[in-house]
Each structure stands twice: as structure tokens, then as C-alpha cells.
Amino acid sequence: MDAAEEARRIYRHRWPVRLMHWINVVCLTILLMSGLNIFNAHPALYWGEDSIGSRPWLVITAVPSGSGVVGVTQIAGHQFVTDGVLGVSRSSVNGAMMQRAFPSWATIPGARWLSMARHWHLFFAWLFVVNGLAYVLYTLASGHLRRDLVPTRAEWRGIGRSLKDHLLFRHPTGEAARRYNVLQNLTYLAVIFVLLPLVVLAGMAMSPMLDSALTGWVEWLGGRQSARTLHFLAAIALVLFVLVHVFEVIVSGAWNHLRSMITGYYTLPADKKEAP
Amino acid sequence: MKRTDDDRRRALRIAAAAGGTLLLGACDKLSSSPSFVGLLKSAQHLSRTAHKAVVGRRAMAQEFAESDVTPGFRSNGTTMPRDTDYRALLQGGFVDWRLGVDGLVERPAAFSLTHLRAMPSRTQITRHDCVEGWSAIGKWKGVPLRHLLAQVGVLPQARYVVFHCADSMSEGSRDSRYYESVDLDEALHVQTILAYELNGAPLPVANGAPLRARIERQLGYKHAKYLMRIELAERLDAIRGGQGGFWEDSEGYEWYAGI
């Protein structure tokens with residue numbers, strides 16, 4: 001490592017943030033995949049309180065086609081052929097095509113097994129919630145929230161330029177890369193304080209015992225089946241966040257970012273004018 | 001330069017695919033390890049303890065209006081018991097049917113349907129949540145279990161109420177009559193009733209005729225149908241498979257079904 005690079009090396013992520021980040025990665029991966037297995041037990045989503053009187057807005061199923069069946073996804077009355085992935089897919093156990101909403105490579109466990117999927121889901125839900133609460137307390141107590149996550153007034157004013165930079169895949173260098181940029185800040189805040197609490201709240205709304213804690217509170221989410229829908233949509237939104245997050249990490253220096261989330265040290269990208 | 005990028009990308013893709021396969025393989029392997037599954041299942045004790053701490057013992061499940069009732073209440077599990085003794089009772093209009101209450105009680109007793117119908121009743125419009133994910137709203141009428149338990153006198157060492165049913169079910173290697181159990185908090189809850197009516201009509205066979213349990217703050221598999229006998233017990237491990245219910249024994253479902 002040369003002297004210039006050495007000089008640009010900063011200690012970016014403290015150990016509690018790094019640890020909680022990776023616990024979160026494990027939890028969210030398992031929660032997503034076991035959640036898809038649970039979804040497969042009743043592969044339809046509704047709005048409202050019950051699932052009998054109302055029509056589902058999403059169904060993943062198989063319909064007769066010729067001599068066999070074809071996997072389809074129906075969204076708000078429109079049908080899309082999703083054979084091979086959604087509705088009908090190859091079994092990981094014996095390689096035969098079988099009817100199931102999400103394919104076995106996307107679910108934990110791979111087989112259709114509701115009780116086991118629930119064990120995984122509910123255990124890691126606890127770990128996820130405890131980790132999340134610890135993170136929120138840490139961000140408040142350490143000043144991480146105020147110092148690093150909440151945008152400054154100047155950053156708010158630069159939001160237009162930040163948006164343009166993102167669209168052009170231009171990434172900050174030098175001192176400008178020391179702080180999160182404003183779009184990054186807003187995304188993290190939305191995920192931490194809106195999306196993750198929503199996915200937990202909608203999950204808790206599906207528990208009949210928790211529903212009775214404050215009689216009728218599930219109505220705030222539109223009813224129990226709406227809560228199931230919101231839980232699913234929030235999970236999809238989290239997947240989209242992770243895709244963008246990982247994409248941005250890759251295009252702005254995958255190794256540098258990955259190392260900073262493991263060792264804590266991040267090397268500020270060199271300013272263009274500094275380059276030899 | 002282009003070449004290394006391609007190589008790197010390919011390496012990353014291979015790593016991601018290998019990582020994914022490893023993850024799935026590991027999770028499937030862990031799913032068949034009794035000690036690991038035991039660890040995962042321990043979360044239900046945490047959930048139950050947390051729920052008992054947060055949710056009041058008497059907290060009520062939501063009740064709905066007549067207009068919310070779902071037409072054609074869904075039936076799951078057994079819809080017509082194959083057992084000949086049940087078929088005979090059904091044929092006779094359940095005139096000869098009796099609900100036995102025994103175990104850790106002061107005065108074991110048997111009640112006819114007429115007898116139960118003459119007791120104080122409770123009518124409630126509640127939402128039934130299946131573990132699979134669907135819900136349905138129905139209007140139930142029945143005798144509060146707490147009233148029945150007061151009649152027979154529960155002994156102090158009793159901790160669980162076990163529901164024994166008429167219907168045989170087969171699941172994997174297990175072939176036995178359905179049964180379920182709840183703790184005394186749930187059994188003595190105001191909304192825990194033994195229902196003989198659904199939506200203003202005698203309970204249909206598909207929904208558990210002549211009598212079924214309504215455990216409104218827990219998932220559907222707790223709401224035992226085709227009731228024959230209620231047993232008060234101190235422990236569950238000596239009863240049948242020892243896990244407290246048919247699905248708990250056969251498929252490993254959580255005994256605590258509040259979530």
C-alpha cells in the first residue's frame with residue numbers, strides 16, 4: 001500500500017455496526033426463504049380481513065395446459081406464464097417437475113414443509129428483532145444516527161445533484177466519500193425506520209394472540225389478510241433494497257466496501273485530480 | 001483489463017451460486033438434526049412467555065359484526081370422519097353422543113347435547129386463522145368451557161385441558177384420532193367455548209358436529225372438532241405422542257399456536 005492510499009484509509013464502521021450488519025444478513029436471508037416456504041402453504045394474497053369472501057389479488061398456481069399443467073402467476077386478474085419458476089418448478093429432491101408456488105431453490109427448507117419453515121422463521125424472527133432493537137439503541141446512544149445517518153442541511157440542498165450522480169453511476173471520491181451521501185442516508189433511514197418496522201408489525205398482526213393485545217389493532221393495517229399482504233410486499237421491497245445496495249457496493253468498489261464492513265477500514269477513493 | 005473483469009464477474013457468480021447451494025444444503029441438513037430443530041422450536045417458549053407478559057390473560061380476540069361473516073365457512077382437516085362409531089352417532093342424530101369430562105377433576109361427568117344446550121351460552125363472531133395463512137369469519141354459539149369446568153371441579157394440580165376427538169387421521173406413519181391441548185389460561189378464557197352452532201345453524205359435520213372447541217386466540221389446529229372427551233392433565237408427555245396434539249406429534253407443529 002503506498003503512502004497516498006495509506007493517508008486515505010479511514011476507520012469507517014465500528015465493530016457493533018459490523019457485527020449487527022452481518023447478523024442481519026443471515027436473519028433476512030433465512031426469514032425471506034423460510035417465509036416463501038410458508039407462503040407456499042396458501043399461495044394467494046388478499047386485502048381485508050378474511051380470505052374466503054374476497055378475491056385474491058395475487059395467486060401463484062398451476063393451470064391445465066394440453067396434457068399437463070403450466071405454472072402461472074395471476075396479479076389483479078392478469079395471468080402471466082411463469083412456468084419453471086413460479087407455479088411449477090423442478091424438485092430439488094428428485095428432479096421432477098412439481099406444482100409449488102415458489103421453487104425449492106428459493107425456500108428453506110427446500111421441500112414443502114410448513115411446520116419446519118415456521119420453526120426457522122419464528123426463531124430467526126426473534127434474533128432479527130433483538131438485533132434490530134440493539135441496533136436502534138446503539139445508533140441513538142452512540143450518535144451514529146445523528147452524526148452519520150441524518151442528512152445535514154447542506155446535504156438536503158444537494159439532493160438534486162446526488163440523484164443525477166447516482167443515475168450517471170458517478171461516485172463521490174476523496175473527502176466527499178467520507179460521509180454517506182444524501183440518497184444513501186434517506187434510503188437507510190427509510191429501511192431502518194419504515195420498512196423493517198412495517199415487516200415486523202405486519203408479521204405480528206398475523207399472530208392471533210398478539211391481535212388480542214389491543215383488541216382490533218389489526219384494523220390499522222386493514223385486517224389480517226391485508227397484514228399478510230403488507231408483510232409480503234415489505235419483504236419484496238427489502239429484496240429490492242438489497243439488490244440496489246449490493247449493486248451500488250459492486251460498482252463503487254466491491255472489495256473496499258466489503259473489507260470496510262469486515263475490518264472497519266475503508267480507503268477513500270482517490271480524487272480524479274490526484275491521480276497520476 | 002476487460003478479461004480480468006469478466007473473470008472476476010464469473011468468479012463472483014460461481015461463488016454466489018456455490019454459496020446459495022451450500023446455504024440450501026446446510027439448511028436442509030440442519031432441518032433433519034433433532035438437536036438443531038429442538039433449538040429452533042425453543043423459540044415458541046420465548047413467544048409464549050413474551051405473549052403472556054404483553055397480552056393480558058383476559059385480553060379479548062376481536063369480535064365482528066354480522067355483516068362480516070364469511071359465507072360458507074371453510075373446512076380443513078377431516079370433513080367427514082371415517083370412524084364407524086362416529087357414523088353411528090351421526091346416524092342417530094347424536095342422541096347417544098356424550099361428552100366425557102375426566103382426568104384431574106373432582107366429579108367426572110358425561111354430558112348430552114341437550115344438557116349442553118341447556119347450559120348458559122355465549123355467541124361470538126370471530127376470525128378463524130389457519131396456520132396455512134387463510135382466515136374466515138364465523139358466528140359461533142356454545143357453552144363456555146369455564147362453565148363446564150366449574151361443574152366438574154378442576155383439581156389444583158391440573159395444568160392442561162386435552163381435547164379427544166372422534167375422527168381418525170393419517171399423516172406419515174401416524175394413524176390416530178385427532179386430539180389437541182391448551183393450558184388453563186386459554187381454557188378458562190371467556191371466549192373459549194364448546195360450539196354446537198355455526199352461523200345460526202347446528203354445527204355441520206364438516207366443521208366438527210356435534211361439538212368443537214373455539215380457542216379464539218390461537219391458530220385453527222387448536223380448535224379441535226368432533227369432541228368426545230375432555231381430560232384434565234398435569235403433564236402432556238404421557239398422552240399419545242407426548243407433544244400435546246395430533247399435528248404436534250405427526251408433523252412437529254409448535255404446541256404453542258398463538259403465533
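Here are the numbers for this structure:
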quantity: Residue within the stretch B:29-48 that is open to solvent by 90 Å² or more (accessible area, probe 1.4 Å), touching a residue at least 40 places away in the same chain (Cβ under 8 Å) and of a type outside the set (Gly, Ala, Ser) present; calculated: yes
quantity: Whichever residue in the stretch B:55-94 is open to solvent by 70 Å² or more (accessible area, probe 1.4 Å), facing chain A (nearest Cβ under 9 Å) and modelled with pLDDT under 95 and, among such residues, is nearest to B:Asp175 (Cα to Cα); calculated: B:Arg74
quantity: Hits in the stretch B:191-249 - residues which are open to solvent by less than 20 Å² (accessible area, probe 1.4 Å), in a loop (DSSP other than H, G, I, E, B), among the small types (Gly, Ala, Ser) and farther than 26 Å from A:Ser115 by Cα; calculated: B:Ala209
quantity: Search result, residues across the stretch B:90-120 that are at positive phi and among the small types (Gly, Ala, Ser); calculated: B:Gly93, B:Gly103
quantity: Of the criteria (1) open to solvent by less than 10 Å² (accessible area, probe 1.4 Å); (2) touching a Phe, Trp or Tyr at 6+ places or on another chain (Cβ under 6 Å); (3) more than 30 Å from A:Phe232 (Cβ to Cβ), which one B:Leu113 fails; calculated: (1)
quantity: In the stretch A:227-255, the residues that are in a helix (DSSP H, G or I), within 14 Å of chain B (Cβ to nearest Cβ) and in contact with a strand residue (DSSP E or B) (Cβ under 9 Å, 6 or more places away or on another chain); calculated: A:Arg228, A:Thr229, A:Phe232
quantity: Residue ranges of strands (runs of 3 or more DSSP E) in the stretch A:43-161 with at least 3 members farther than 28 Å from B:Asp249 by Cβ; calculated: A:58-65, A:68-75, A:78-81, A:87-90
quantity: The stretch B:26-43, residues that are of a type outside the set (Phe, Trp, Tyr) and more than 7 Å from chain A (Cβ to nearest Cβ); calculated: B:Ala26, B:Lys29, B:Leu30, B:Ser32, B:Ser33, B:Pro34, B:Ser35, B:Gly38, B:Leu39, B:Ser42
quantity: Search result, residues across the stretch A:192-217 that are at the interface with chain B (Cβ under 7 Å from one of its Cβ atoms) and either aromatic (Phe, Trp, Tyr) or within 23 Å of the chain's Cα centre (by Cα) (or both); calculated: A:Ser207
quantity: Residues of the stretch B:95-141 that turn out to be outside any strand (DSSP E or B) and within 12 Å of another protein chain (Cβ to nearest Cβ), as a count; calculated: 5
quantity: Test: B:Ala187 is touching a strand residue (DSSP E or B) at 6+ places or on another chain (Cβ under 9 Å) and among the hydrophobic types (A, V, I, L, M, F, W, C); calculated: yes
quantity: Leading residue by the ranking (least open to solvent (accessible area, probe 1.4 Å)) among those in the stretch B:175-190 that are assigned to a loop (DSSP other than H, G, I, E, B) and hydrophobic (A, V, I, L, M, F, W, C); calculated: B:Val190
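To keep it simple, each residue is scored yes or no on (1) in contact with a helix residue (DSSP H, G or I) (Cβ under 8 Å, 6 or more places away or on another chain); (2) among the acidic types (Asp, Glu); (3) exposed (fewer than 15 other Cβ atoms within 10 Å of the Cβ).
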| site | (1), (2), (3) |
| --- | --- |
| A:Trp126 | yes, no, no |
| A:Tyr138 | yes, no, no |
| A:Gly143 | no, no, yes |
| A:Leu163 | yes, no, yes |
| A:His166 | yes, no, no |
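A quick yes/no check of all residues on (1) open to solvent by 70 Å² or more (accessible area, probe 1.4 Å); (2) touching a residue at least 40 places away in the same chain (Cβ under 8 Å):
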residue: A:Ile23; (1), (2): no, yes
residue: A:Ile52; (1), (2): no, no
residue: A:Ile60; (1), (2): no, yes
residue: A:Val70; (1), (2): no, no
residue: A:Asn94; (1), (2): yes, no
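Matching residues to (1) over 30 Å from B:Asp129 (Cα atoms); (2) β-branched (Val, Ile, Thr); (3) surrounded by 13 or more Cβ atoms within 10 Å (Cβ to Cβ):
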| residue | (1), (2), (3) |
| --- | --- |
| A:Leu210 | no, no, yes |
| A:Thr215 | no, yes, yes |
| A:Glu219 | no, no, yes |
| A:Gly222 | no, no, yes |
| A:Val242 | yes, yes, yes |
| A:Ala254 | yes, no, yes |
| A:Ser260 | yes, no, yes |
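The values are calculated or read from the model by the stated rules, or taken from the named source; none is laboratory data. All figures in this text were calculated on a predicted structure; none of them were measured in a lab. With ideal geometry, Cβ positions are generated from the backbone for all residues, glycine too; neighbour counts draw on all protein chains shown. Note: accessible area is taken over every heavy atom of the protein model, side chains too, but ligands, DNA and RNA are not part of it. Shrake-Rupley method; radii C 1.70, N 1.55, O 1.52, S 1.80 Å.
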